[in-house]
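Heads up: the structure comes next, in structure tokens.
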Amino acid sequence: MSDALVLALQTGLGQAQVLVGEQIDARYKTDWSRALVCEPVAVVKPRHTEDVSAALAICHQHDQPVTVQGGMTGLVGGSQVNNGEVVISLERLQGIEEIDQAAGTMTLWAGTPLQVAQQAAADQGLYVAVDLGARGSCQVGGNISTNAGGNRVIRYGMMREQVLGMEVVMADGTIVTSLNKMLKNNAGYDLKHWFIGSEGTLGVVTRAVLRLHPMPAQTTSVLCALPDDGSVLAFLRRVRQAAQASLLAFEVMWPDFYDFMTMRVPGNARPLPAPDSMLVLMECTTGAGGFSAEALESLLEAGLESGELSDAAVAQSGKESDAFWRIRDSVSEFPLIWSPYTSFDVSLPIQTIGTFVTTLKQQFSRALPSAESVYFGHIGDSNLHIAVHVPGDRATFPKAQIEQIVYDLVQQFSGSVSAEHGIGTRKKAWLGHTRSEAEIQLMRTIKSALDPKNILNRGKVI
């Protein structure tokens, strides 16, 4: 069947857009983790929506499973191809079609890197609100399919809040174009929400209309030391009340994370001594139309007087701000210093996060006495990141045991096993810790209705 399939793809799209055999580069065979290396039967590189439609129609006719790939920056195996599947890579579907300044929208192709979209908006004095560390390589289509979050969620919301319209190709090749540019459109079901966060299992997004925001004229970063997690929550309430829409980010680092990043990662400064302290890195819009310097100073003074803060440093330049953020964003150094290690992206009710961390540390201490763990995240939007290292060989690394401990506790605290990276294959076994059987069955019903032959990203999510 593969010969007939490949011939049909090459006939329908042209040989230049269908790679086979030795033409298939290694990057299509595995994801960032390098945990699996599989052999696709073909890699299709469409140039426009009609190519995606033709490829899916052919694969649907042949009952051929398809894996959709974007920037390959996902962390849960969502873009990992399986042996014998067809890869549809969206890397050629790039470009900005339109920026509408009056509507505050951007229409673009799904394969456009996030940073390209950000720069195009910035050139027009506008702002793409979702921002990730992988901005240079991740693609907007992937951001949509995983409902990406990032550092600005507390102010602007997840990717779901940024998408006004989209174009999707269904499993049988049907093109559904709904490039809506309006904030208010209550004409029947809002179909885009079926595809945002569905990880390519229901359809392939080819184009999208993003909502743009005014570019913050000036921002100020502040690094604060706090005595405990209770003080963090009290200070968060104070900041939200005072800064309101000017608050762009509120990132929290537990003491072990701050120590790791400032003592073990080369090139990172330690702006505050902060022994055994929680650290908060917040960013506010300041200057015209934002939070004034005087108001920010008053906020910090009130925090110090109340005991919520023990110390604070205000970035005096863009270079200092970058140095603050480098502490928070140096998570790519984990595999260079800790090997082996594993990481988690979970969500919890905000008021319980401190207790969760304390309890998890106690459980690690009992079950894995040699384990090291660090904690950080976007606490203002309930997102906690965890990294765990156990010294020893990779072959004996107790990943399954660590996952059981973490996800069982997440379930006990009524949290979510995935805050912003999706489910993919690596979290599929734990979906029931967050979603009820009735919810999962409804997901299966939707999947069956939109992809009856189960060819799209088979084995992902559910």
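The values are calculated or read from the model by the stated rules, or taken from the named source; none is laboratory data. On a predicted model such as this, the values are computed, not experimentally measured, just so you know. Cβ: placed from backbone, ideal geometry, glycine included. Neighbour counts: every protein chain shown.
Let's see how each residue does on (1) buried (at least 19 other Cβ atoms within 10 Å of the Cβ); (2) modelled with pLDDT under 95:
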site: 308; (1), (2): yes, no
site: 314; (1), (2): no, no
site: 321; (1), (2): yes, no
site: 329; (1), (2): no, yes
- [ ] Go through the residues of region 436-455 one by one and say whether even a single one is buried (at least 21 other Cβ atoms within 10 Å of the Cβ) and under 21 Å from residue 143 (Cα atoms).
- [x] no
Open item on the list: Checking the structure you have, find out if any residue of region 40-52 is surrounded by fewer than 21 Cβ atoms within 10 Å (Cβ to Cβ) and in a helix (DSSP H, G or I).
Closed with: yes
Open item on the list: Looking only at region 203-259, how many residues end up being modelled with pLDDT under 95, surrounded by fewer than 18 Cβ atoms within 10 Å (Cβ to Cβ) and of a type in the set (Asp, Glu)?
Closed with: 0
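Let's see how each residue does on (1) in contact with a Lys or Arg (Cβ under 9 Å, 6 or more places away or on another chain); (2) more than 17 Å from residue 146 (Cβ to Cβ); (3) modelled with pLDDT of 95 or more; (4) outside the structural domain of residue 179 (by TED's automatic domain parsing):
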{"residue": "62", "(1), (2), (3), (4)": "no, yes, yes, yes"}
{"residue": "66", "(1), (2), (3), (4)": "yes, yes, yes, yes"}
{"residue": "72", "(1), (2), (3), (4)": "yes, no, no, yes"}
{"residue": "75", "(1), (2), (3), (4)": "yes, no, no, yes"}
{"residue": "78", "(1), (2), (3), (4)": "yes, no, no, yes"}
{"residue": "82", "(1), (2), (3), (4)": "yes, yes, no, yes"}
{"residue": "85", "(1), (2), (3), (4)": "yes, yes, yes, yes"}
{"residue": "102", "(1), (2), (3), (4)": "no, yes, no, no"}
Task: Candidate set: region 231-268, residues that are among the acidic types (Asp, Glu) and part of a helix (DSSP H, G or I); chosen: the one farthest from residue 383 (Cα to Cα) - done: 259
Task: Whichever residue in region 355-373 is surrounded by fewer than 16 Cβ atoms within 10 Å (Cβ to Cβ) and β-branched (Val, Ile, Thr) and, among such residues, is farthest from residue 337 (Cα to Cα) - done: 355
- [ ] Report, ordered by the first and then the second residue, all pairs with beta carbons closer than 6 Å, sequence separation of six or more or different chains, a first member in region 345-360 that is at pLDDT 95 or above, and a second member that is assigned to a strand (DSSP E or B) and aromatic (Phe, Trp, Tyr).
- [x] 357/375
Task: In region 97-110, residue farthest from the chain's Cα centre (by Cα) [restricted to those that are buried (at least 16 other Cβ atoms within 10 Å of the Cβ) and in a strand (DSSP E or B)] - done: 99
TODO: Would you tally the residues in region 355-371 being out of contact with any Phe, Trp or Tyr (no Cβ under 9 Å at 6 or more places or on another chain) and assigned to a helix (DSSP H, G or I)?
DONE: 7
Task: Residue that is under 30 Å from residue 247 (Cα atoms), touching a helix residue (DSSP H, G or I) at 6+ places or on another chain (Cβ under 7 Å) and of a type in the set (Val, Ile, Thr), where the choices are 388, 410, 461 - done: 410
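Rundown of residues vs (1) farther than 30 Å from residue 156 by Cα; (2) of a type outside the set (Gly, Ala, Ser); (3) touching a residue at least 24 places away in the same chain (Cβ under 8 Å); (4) part of a strand (DSSP E or B), yes/no style:
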site: 271; (1), (2), (3), (4): no, yes, yes, no
site: 302; (1), (2), (3), (4): no, no, yes, no
site: 324; (1), (2), (3), (4): no, yes, yes, no
site: 327; (1), (2), (3), (4): no, yes, yes, no
site: 376; (1), (2), (3), (4): no, yes, yes, yes
TODO: Please work out which residue is modelled with the lowest pLDDT, limiting yourself to region 22-39 and to residues that are small (Gly, Ala, Ser) and in a loop (DSSP other than H, G, I, E, B).
DONE: 33
Open item on the list: Looking at (1) more than 20 Å from residue 80 (Cα to Cα); (2) part of a helix (DSSP H, G or I), which one does residue 435 not meet, given that it meets all the others?
Closed with: (2)
TODO: May I ask you to list the residues in region 392-417 that are part of a loop (DSSP other than H, G, I, E, B), at pLDDT 95 or above and out of contact with any Leu (no Cβ under 6 Å at 6 or more places or on another chain)?
DONE: 397, 398, 414, 417
Task: Residue check for residue 36: in contact with an Asp or Glu (Cβ under 9 Å, 6 or more places away or on another chain), aliphatic (A, V, I, L, M) and farther than 14 Å from residue 205 by Cα - done: no
Task: Residue satisfying condition, being over 24 Å from residue 259 (Cβ atoms) and buried (at least 21 other Cβ atoms within 10 Å of the Cβ), within set 410, 390 - done: 410
TODO: Test residue 4 against the criterion of being touching an Asp or Glu at 6+ places or on another chain (Cβ under 8 Å), farther than 30 Å from residue 426 by Cβ and not in a loop (DSSP other than H, G, I, E, B), and give yes or no.
DONE: no
